[in-house]
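Presented below is the structure to which this report refers.
Every read-out reported here was derived from the displayed coordinates using simple, explicitly stated rules and does not represent laboratory data. Quick caveat: nothing in here was measured; it's all calculated off a predicted structure. Here the Cβ positions follow ideal geometry from the backbone for every residue, glycine too, while neighbour counts run over all protein chains shown.
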Amino acid sequence: MELVGWIGAEPEQRFIPSGAAVISFRVATKRWAGRSDDGSRTVETDWTAVEAWEKLAERCAQSLHKGSRVRVVGSLHTQSWEDRESGQKRYKTLVRAEEVLFLDARQERAADAEAVEETVGSDRTRANATPLRGTVTPSRYTSRSSR
């Protein structure tokens, strides 16, 4: 499964008893929902729960924030548990990320490069900071361990 969208709230990182890092976040994606009464196309937003584990989780915790644009590749997993109050069986389906591409990394790093340019003293030229922009590419982090 592949999702491209925006993170809607700050990601939540936790550590399980074995010490492995886990991060959870929700990705908002848009889809065409049909047409309104006046004939214009309508768009709806879907929210998908995503979790990443171990090194991928740690890297996501460093780089992702509310509003980050991401591409997530992973598989669907359904968790089930028994509700303590009602005794009913509950289910939650989420995407377990195998790969996360930080799509807004280029803009953030370009802004950082511009900030470096502005703080460069008069003894250094503007050209010294320019290569920072040219070498920036979107960041991709992959988790290949099996669970």
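The table below gives the values:
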read-out	value
Packing-based order for 35-48, 85-98, using average beta carbon neighbours within 10 Å, highest first	85-98, 35-48
Full-extension gain in nm, Glu10 to Trp47, via 0.36 nm per residue minus C-alpha separation	11.9 nm
Ordering of 11-24, 55-68 by burial proxy (mean other Cβ atoms within 10 Å per residue, highest first)	55-68, 11-24
Relative contact order computed over the stretch 25-68 (Cα-Cα under 8 Å; 6+ residues apart), in percent	34
FRET efficiency estimate (nearest 0.05) - Cβ-Cβ, Gln79 to Thr29, R0 30 angstrom	0.90
Straight-distance crosslink candidates among lysines, where the alpha carbon sits under 25 Å from Lys30 and sequence neighbours closer than 8 are dropped	Lys66, Lys92
